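K.L.:
Let me give you the structure first, and then I'll get to my questions.
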Amino acid sequence: MKSKLEKTKNANEVKFEITVEAEKFEEAIKKVYFKSAKYFNIPGFRKGKAPMQIVEKYYGKEIFYEDAFNEVAPDAMEEAVKEHNVEVVSRPDIEVTQIEKGKDLIFTAIVQTKPEAELGKYKGIEIKKIEYNVSDEDIEHELGHMQEHNSRLISIEDRPVESGDIATIDFEGFVDGKAFEGGKAEGHELEIGSNTFIPGFEDQVIGMKIDEEKDINVKFPEEYFSKDLAGKDATFKVKVHEIKKKELPALDDEFAKDVSEFDTLEELKADIKEKQQKQNDEKAKYETQDAVIKAVCENVKVEIPDGMVEVEIDNMLKDIEQRLSYQGLKLEQYLQMMNKSIEDIRKEYEPQAVEGIKSRLALEAVIKAEKIEATDKEVDEKLKEMAKNYGKENDEEFLKNENVRSYIKQGLESEKAIDFLVKNAKIK
């Protein structure tokens, strides 16, 4: 494989001319033939048994070119990038200039390269102090959650439904006199006042008695996720079977003993305050770091290639797809629910992508300017910690993987750069 490199007229863009030897391209064609032979059905031969020369004669000699190109081009491209020590940040724009059996394969690839950020002021950045203190209301709020978690339900038989009750109901919904899909349930437990049902529904359950049946009229919200129901009037036939009420435990020393390792309510409150303050301090720490980085980025000059932004958005969409998969959703379903196209989402995420890239480039510039470095010992310690978390303590391949070590080293150096910026900031 041979390659040439030249800069284009555009900033942060280069053009490779890559030549793959004829013999190597021939090997790729044979490899592709053996992979795909079973799909060819040629008269006079059993399916998948026609020789390569016959397949080429029947379908044209170019039949294997595209797949053979895809077989050799990625490795050739990777080799050229390493040879010329170029950091590519975009998908390549490829043009084939020569592709023919018995001849060298020649193609060009235009790629965008990582830009270098020009730092402005990055030491002595002024930001407002960020801090969050734990209030009495915060502690009471947490105690309220603990009460809810430890509450018990008692049956009510001598009165109708009130706000705060849990009513067990049957219901069936109708629009224009016809039952609609998903509008029917039996034995459904509904907490009155939770606002989990269509607006106005829960209010009309209030006052109903056990075994009472009633028609409840509501209107679906205009922005309701189902377009068939959005904005439409509906009638629900409802029957109440059971009424229950939450009984909260008293907030006293006995409560503290039941729900924690503490003997008194005051000790429990002190523990809640300590834990919440730690969370608040962590929140303040990350927000301070974010504020300093944003302030530094305001003084940075850098021209970010479009291709770099596109790749960043691609990665963000992959993260979204993964998170959606945990909820049993696909990206296409999510887009349909949100009434958006993939182009809409990409456009929405573009500013966030640009901001993320600029932050990383700024930190890399700080690392270079301040000669910040993660030692081998620090990388080893972090690697052992990561291996333990992933259950790979005895995985030699993982422990010696240079890509993993490089990833850890970059992460540690970025952390050090952030700490440096915060320490050198003027926090008022």
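The values are calculated or read from the model by the stated rules, or taken from the named source; none is laboratory data. Note that this is a predicted model, so its numbers are computed, not measured. Don't worry about glycine lacking a Cβ; one is built from the backbone with ideal geometry, like all the others, and counts go over all protein chains shown. Just so you know, the surface numbers come from the protein's heavy atoms only, side chains and all, with ligands and any DNA or RNA stripped out. Shrake-Rupley method; radii C 1.70, N 1.55, O 1.52, S 1.80 Å.
K.L.:
Is it the case that some residue within region 421-428 is free of Cβ contacts under 8 Å to residues at least 24 places away in the same chain, under 23 Å from Lys114 (Cα atoms) and exposed (fewer than 12 other Cβ atoms within 10 Å of the Cβ)? Don't jump to the end; show me each part of the working.
P.N.:
At the first step, the residues of region 421-428 found to be free of Cβ contacts under 8 Å to residues at least 24 places away in the same chain are 423.
Adding the requirement that they be under 23 Å from Lys114 (Cα atoms) leaves none.
No, the conditions are met nowhere in region 421-428.
K.L.:
Identify all residues within region 92-149 that are hydroxyl-bearing (Ser, Thr, Tyr), within 30 Å of Ile63 (Cα to Cα) and open to solvent by less than 50 Å² (accessible area, probe 1.4 Å); write none if there are none. Give the derivation first.
P.N.:
First, the residues of region 92-149 that are hydroxyl-bearing (Ser, Thr, Tyr): 97, 108, 113, 122, 132, 135.
Those still in the list that are within 30 Å of Ile63 (Cα to Cα) too: 97, 108.
Selection gives Thr108 alone.
K.L.:
For residues that are of a type in the set (Val, Ile, Thr) and open to solvent by less than 60 Å² (accessible area, probe 1.4 Å), scanning just region 55-87, find the one that is farthest from Val20 (Cα to Cα). Talk me through it step by step, then tell me what you get.
P.N.:
Pass one, region 55-87, residues of a type in the set (Val, Ile, Thr): 55, 63, 72, 81, 86.
With open to solvent by less than 60 Å² (accessible area, probe 1.4 Å) added as a condition, the list becomes 55, 72, 81, 86.
Numbers: Val55: 24, Val72: 8, Val81: 14, Val86: 19 Å.
The residue in question is Val55.
K.L.:
For the list (1) in a helix (DSSP H, G or I); (2) within 30 Å of Lys128 (Cβ to Cβ); (3) of a type in the set (A, V, I, L, M, F, W, C), I need the number of the one condition that Met386 fails.
P.N.:
Condition not satisfied by Met386: (2).
K.L.:
Which residue out of Asp376, Asp395 is over 24 Å from the mean Cα position of the chain (by Cα), open to solvent by 70 Å² or more (accessible area, probe 1.4 Å), farther than 24 Å from Val302 by Cβ and among the acidic types (Asp, Glu)? If you could, list the steps in order and put the result at the bottom.
P.N.:
Details: Asp395 fails: open to solvent by 70 Å² or more (accessible area, probe 1.4 Å).
Just one listed residue meets the conditions, Asp376.
K.L.:
What number of residues within region 94-139 satisfy the criterion of being in contact (Cβ under 8 Å) with a residue 24 or more places away in the chain, part of a loop (DSSP other than H, G, I, E, B) and either farther than 21 Å from Phe25 by Cα or of a type in the set (Phe, Trp, Tyr) (or both)?
P.N.:
Count: 18.
K.L.:
Between residues in region 367-391 that are more than 15 Å from Asn403 (Cα to Cα) and residues that are assigned to a loop (DSSP other than H, G, I, E, B), which pairs lie under 7 Å by C-beta distance while being six or more apart or on different chains?
P.N.:
Ala369/Leu119
K.L.:
Name every residue in region 297-314 that is part of a helix (DSSP H, G or I) and open to solvent by 70 Å² or more (accessible area, probe 1.4 Å), in order of residue number. Let's see the steps before the verdict.
P.N.:
Let us first name the residues in region 297-314 that are part of a helix (DSSP H, G or I), namely 297-298, 306-314.
Once the filter is applied, which keeps residues that are part of a helix (DSSP H, G or I) and open to solvent by 70 Å² or more (accessible area, probe 1.4 Å), region 297-314 yields Glu298, Asp306.
Okay, residues lined up against (1) in a helix (DSSP H, G or I); (2) surrounded by 15 or more Cβ atoms within 10 Å (Cβ to Cβ):
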position: Lys245; (1), (2): no, yes
position: Asp258; (1), (2): yes, no
position: Phe262; (1), (2): no, yes
position: Ala270; (1), (2): yes, no
position: Lys275; (1), (2): yes, no
position: Gln279; (1), (2): yes, no
position: Ala284; (1), (2): yes, yes
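K.L.:
Would you mind telling me which numbered condition in (1) of a type outside the set (Phe, Trp, Tyr); (2) within 30 Å of Val309 (Cβ to Cβ); (3) at pLDDT below 95 Lys57 fails?
P.N.:
Failing condition for Lys57: (2).
K.L.:
List the pairs whose first member sits in region 82-93 and is more than 13 Å from Pro305 (Cβ to Cβ), whose second member is in a helix (DSSP H, G or I), and whose Cβ atoms are under 6 Å apart, counting only residues at least 6 apart or on separate chains?
P.N.:
Nothing qualifies.
K.L.:
Go through (1) part of a strand (DSSP E or B); (2) at pLDDT 95 or above; (3) loosely packed, with under 15 Cβ neighbours inside 10 Å for Phe236 and report which single condition fails.
P.N.:
Every condition holds for Phe236 apart from (3).
K.L.:
Which one of these is in contact with an Asp or Glu (Cβ under 7 Å, 6 or more places away or on another chain) and charged (D, E, K, R): Lys103, Lys82, Lys114? Spell out the reasoning first.
P.N.:
Details: Lys103 fails: in contact with an Asp or Glu (Cβ under 7 Å, 6 or more places away or on another chain); Lys82 fails: in contact with an Asp or Glu (Cβ under 7 Å, 6 or more places away or on another chain).
From the options Lys103, Lys82, Lys114, the qualifying one is Lys114.
K.L.:
Further question: Would you be able to say whether some residue in region 19-34 is among the aromatic types (Phe, Trp, Tyr) and at pLDDT below 95?
P.N.:
So in region 19-34, the residues among the aromatic types (Phe, Trp, Tyr) come out as 25, 33-34.
If we keep only those that are at pLDDT below 95 too, we end up with 33-34.
Yes, region 19-34 has at least one match.
K.L.:
Is it the case that region 353-372 has a residue that's modelled with pLDDT of 95 or more, outside any helix (DSSP H, G or I) and either surrounded by fewer than 15 Cβ atoms within 10 Å (Cβ to Cβ) or in contact with a Gly (Cβ under 9 Å, 6 or more places away or on another chain) (or both)? Break it down into steps so the answer makes sense when it comes.
P.N.:
Kept after step one, since they are modelled with pLDDT of 95 or more, are these residues of region 353-372: 353-372.
Restricting the remaining residues to those that are outside any helix (DSSP H, G or I) gives 370-372.
Retained after the next criterion (residues that are either surrounded by fewer than 15 Cβ atoms within 10 Å (Cβ to Cβ) or in contact with a Gly (Cβ under 9 Å, 6 or more places away or on another chain) (or both)): 371.
Within region 353-372 (the criterion being modelled with pLDDT of 95 or more, outside any helix (DSSP H, G or I) and either surrounded by fewer than 15 Cβ atoms within 10 Å (Cβ to Cβ) or in contact with a Gly (Cβ under 9 Å, 6 or more places away or on another chain) (or both)), the answer is yes, since at least one residue qualifies.
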